[in-house]
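To start, the structure itself, in structure tokens.
Only the coordinates and a few stated rules stand behind these numbers; no lab work does. Keep in mind that what you see is a predicted model, and the values were worked out from it rather than measured. Glycine gets a Cβ as well: all are built from the backbone with ideal geometry, and neighbour counts include every protein chain shown.
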Amino acid sequence: MQTVFKSYKKDFEHSYSFGAFPTIELIKSKPEKVIKVFASTSYREEGREELENLCRKNNVELEINDKVISRLSPKESCLVIGAFKKYECELQKNVPHVALQNPSNMGNLGTIMRTMLGFGVHDLAIIGGGADILDPKVIRASMGAIFRIRFSHFDTIEQYAEIFTSHELYPFMLDGELSLSDMPPRSDKPFTLIFGNEATGLDEHYKQIGKSVVIKHSGEIDSLNLSIAAGIALYEFTKKR
């Protein structure tokens, strides 16, 4: 059955990468998932040759089609779109993870994945529900980093913890018991950094499933942006101790 390319909806079996760089990352990392790549007649940047070569190398159809670009993209500046089949991943067991409880902001979700990649963490657990991780807005915010991230959904943190029994869990909370700046040396076990929803944070029961951590800041703000908090935590947990 031929795929009909329309403006994205969550119930589609496919999604889109908007922009040349995210689309190139898609082809490099997930060539088997690519359905087709569309480019505008206006796309004359240096990356066009790389895009054409990548498509040719991976047997990906590249179509020059301004009408499709205009129909799918919310921005006039978008010159390249990749259409791909949706997918889910299996997380690795002996490596660090990030877990997000009901993340609601697509920009934060994409930025966190890009930040994870920057610190060498490739596995992301989504707990509960939240934003559609394969929405084009998330993909664009991640700058294509999502295609190098393994992500999987879990109904509850308990379901996650039953599978990844060797991980040490660190829920980040405003009233966490341990200060991030005063953390004792960690064991050699893999860790999971857990963050709550932007508006509600984590429930109190998270204190029972791990070592709760607080990132201390001045009293002039009530909390840190989720992606900023995740970035600080990733830096501290991945640097040599």
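List, in the order given, every pair from LYS93/LYS216; LYS30/LYS57; LYS207/LYS239 whose Cα-Cα distance in the structure shown is over 20 Å.
Numbers: LYS93/LYS216 30 Å; LYS30/LYS57 13 Å; LYS207/LYS239 25 Å.
The answer is LYS93/LYS216; LYS207/LYS239.
Got a sec? How would ARG71, ARG44 order by Cβ neighbour count within 10 Å, fewest to most? Before the final figure, lay out the partial values.
Working: ARG71 13, ARG44 9.
Least crowded to most crowded, the residues run ARG44, ARG71.
Computed from the C-beta positions of THR238 and GLU13, the FRET efficiency with R₀ = 25 Å rounds to 0.10.
Give me the net charge of VAL213's neighbourhood, meaning all other residues with Cβ under 12 Å from the Cβ of VAL213; Lys, Arg count +1, Asp, Glu -1. Walk me through the numbers on the way to the answer.
Numbers: positive: ARG186, LYS207, LYS211, LYS216; negative: GLU168, ASP175, GLU177, ASP182, GLU236.
Surrounding charge for VAL213 is -1.
Shape of region 14-85 from the C-alpha gyration tensor: oblate (a/c of 1.5 or more and a/b not above b/c, with a ≥ b ≥ c the square roots of its eigenvalues).
Compared with the dominant principal axis of the Cα atoms in the chain, helix 47-57 is inclined by about 90°.
Counting other beta carbons within 10 Å of each residue's own, what order do SER166, SER29, SER70 fall into, fewest first? Could the numbers behind the result be given before it?
Details: SER166 8, SER29 14, SER70 11.
So the ranking, lowest neighbour count to highest, is SER166, SER70, SER29.
Within straight-line reach of LYS6, meaning a Cα separation under 17 Å, sit the following lysines at least 8 residues removed in sequence or on another chain: LYS36, LYS67, LYS75, LYS85, LYS86, LYS137.
Relative to the dominant Cα principal axis of the chain, helix 226-238 is inclined by about 70°.
Each Lys and Arg contributes +1 and each Asp and Glu -1, all at the Cβ; summed about the Cα centre of the chain, the dipole is approximately 740 debye. Taking each residue as 0.36 nm, the span from ARG71 to LYS85 lengthens on full extension beyond its C-alpha to C-alpha distance by 3.1 nm.
Got the relative contact order for region 25-114 handy, in percent, Cα pairs under 8 Å and 6 or more residues apart?
Details: 78 pairs, mean separation 30.8, N = 90.
Reported as a whole number, the value is 34 percent.
For the chain, the longest principal axis of the alpha carbon atoms and the long axis of helix 106-118 meet at an angle near 80°.
Considering Cα pairs under 8 angstrom that are at least six residues apart, work out the relative contact order of region 1-65 and quote it in whole percent.
Numbers: 44 pairs, mean separation 21.5, N = 65.
It comes to 33 percent, rounded to a whole number.
By the gyration tensor of its Cα atoms, with a ≥ b ≥ c the square roots of the eigenvalues, what is the shape of region 97-238: rounded for a/c under 1.5, prolate for a/b over b/c, or oblate? It comes out rounded by the Cα gyration axes.
Using the number of other C-beta atoms within 10 angstrom as an exposure proxy, rank TYR235, TYR8 with the fewest first. Walk me through the intermediate numbers first.
Numbers: TYR235 13, TYR8 18.
Placing the least packed residue first, the sequence is TYR235, TYR8.
Normalised by the residues of the chain, what does the relative contact order come to in percent, with Cα pairs under 8 Å and at least six apart?
20
Going 7 Å from the Cα of MET183 along its beta-carbon direction, which residues of region 91-106 have the amide nitrogen within less than 12 Å of the resulting point? Only 96-98 pass the distance filter. Look at (i) 36, 17, 17; (ii) 41, 23, 17; (iii) 28, 25, 19: the one that is semi-axes √(5λ) of the Cα gyration tensor in Å derived from this structure is (i). Along the axis of the charge dipole computed for the chain (Cβ charges of +1 for Lys and Arg, -1 for Asp and Glu, origin at the Cα centre), the listed residues ILE221, TYR43, PRO31 are led at the positive end by TYR43.
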